[in-house]
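Worksheet: the structure to be examined is printed underneath.
The values are calculated or read from the model by the stated rules, or taken from the named source; none is laboratory data. Only a predicted model underlies this, so the values are computations on that prediction, with no experimental measurement involved. All Cβ positions, glycine included, derive from the backbone under ideal geometry; neighbour counts span all protein chains shown.
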Amino acid sequence: MYDIETREKALALLAQGFSQNAVSKRTGISRAALRSWCIRLEPLNHSAPCPRCGDTPTTPQDPAAYAYLLGLYLGDGWISAARRGVYFLRIACADAWPGLIDACAEAILAVRPGNKVFRVQRPGCQNVTSWSRHWPCLFPQHGPGRKHEREIALEPWQRRIVDSHPWDFVRGLIHSDGCRVTNWTTRLVAGERKRYEYPRYWFTNVSDDIRRLYTDTLDSLGVEWKNCARAGKPYNVSVARRASVALMDAHVGPKY
Ligand SMILES: [Zn+2]
């Protein structure tokens with residue numbers, strides 16, 4: 001029959017959104033085999049009960065991982081319907097930061113234990129992908145169209161998680177749509193040219209709502225920030241004051 005590697009490759013193609021028909025043509029694997037693998041995978045999605053869609057909704061059991069994943073999702077993630085009530089969550093992670101790709105996969109596993117996580121290579125990035133019936137329960141911000149074209153508001157239970165794990169949320173946002181950069185300049189001091197470095201954190205997102213979630217959380221943490229328009233667009237939030245950068249360094253740090 002088919003070895004594990006062949007199966008995983010086929011499942012990764014399905015995870016990218018290719019139809020069973022297309023994957024069958026591309027890999028030579030019969031559609032019947034693909035169908036049976038998908039059916040067998042689905043029970044895995046039930047192995048961890050959904051915290052949200054039972055009779056008494058609760059919150060994910062690892063709230064810190066959830067807060068981090070929520071930040072990643074709002075930054076570079078999207079959810080799409082696959083088939084028969086199954087959804088893909090995909091988070092785009094740049095190849096430049098392998099540590100962040102691992103951190104993303106770990107967060108997905110912590111939020112949906114028992115679900116398989118795929119890493120699908122794209123030019124310059126990996127889509128860390130997992131399927132579940134419950135991604136829309138866990139990320140009710142899922143909806144038609146792009147995130148910046150619709151209202152993004154947290155539900156009260158998400159609000160409580162972000163309030164109790166604000167740094168995890170900020171770290172997720174920075175790891176997806178932010179960065180730490182160091183600008184430098186030289187100055188003459190007593191006739192000697194000295195180099196001064198100015199580290200700062202940027203966060204860039206076109207959604208006003210998502211930027212506000214970020215800056216509200218910074219406010220709650222005592223981190224000072226500034227909106228910086230580039231080419232007339234107010235997409236960038238800068239953290240540059242020394243004490244605020246020190247706080248960000250202690251809890252977020254450079255990408256890795
Ligand atoms: Zn659910």
Legend entry - Scope the range 145-166; condition assigned to a helix (DSSP H, G or I) and surrounded by fewer than 18 Cβ atoms within 10 Å (Cβ to Cβ); matching residues: His148, Glu149, Pro156, Trp157, Arg159, Arg160, Asp163, Ser164
Legend entry - the range 227-243, residues that are over 27 Å from His148 (Cα atoms) and either touching an Asp or Glu at 6+ places or on another chain (Cβ under 6 Å) or of a type in the set (A, V, I, L, M, F, W, C) (or both): Arg241, Ala243
Inset, instruction - Please specify each residue of the range 50-68 satisfying the condition of being within 15 Å of the ligand (Cβ to nearest atom) and either without any contact (Cβ under 8 Å) to a residue 12 or more places away in the chain or out of contact with any Phe, Trp or Tyr (no Cβ under 7 Å at 6 or more places or on another chain) (or both). - result: Cys50, Pro51, Arg52, Cys53, Gly54, Asp55, Thr56, Pro57, Thr58, Gln61, Tyr66
Inset, instruction - Would you mind stating whether Trp202 is in a strand (DSSP E or B), away from the ligand (no atom under 16 Å from the Cβ), modelled with pLDDT of 95 or more and surrounded by 13 or more Cβ atoms within 10 Å (Cβ to Cβ)? - result: yes
Inset, instruction - State whether one or more residues within the range 148-164 are among the hydroxyl-bearing types (Ser, Thr, Tyr) and within 16 Å of the ligand (Cβ to nearest atom). - result: no
Inset, instruction - Please give the number of the condition Ala64 fails out of (1) assigned to a helix (DSSP H, G or I); (2) aliphatic (A, V, I, L, M); (3) at pLDDT below 85. - result: (3)
Legend entry - strands (runs of 3 or more DSSP E) fully within the range 83-144 counting 2 or more residues that are in contact (Cβ under 8 Å) with a residue 40 or more places away in the chain, more than 16 Å from the ligand (Cβ to nearest atom) and more than 12 Å from the chain's Cα centre (by Cα): 117-122
Inset, instruction - For Ala33, state whether it is within 15 Å of the ligand (Cβ to nearest atom) and either modelled with pLDDT under 90 or part of a strand (DSSP E or B) (or both). - result: no
Legend entry - Leading residue by the ranking (nearest to Tyr198 (Cα to Cα)) among those in the range 212-243 that are without any contact (Cβ under 8 Å) to a residue 24 or more places away in the chain and among the small types (Gly, Ala, Ser): Ala243
Legend entry - Residue that is in a helix (DSSP H, G or I) and either among the aliphatic types (A, V, I, L, M) or over 20 Å from Arg159 (Cβ atoms) (or both), where the choices are Leu188, Leu213: Leu213
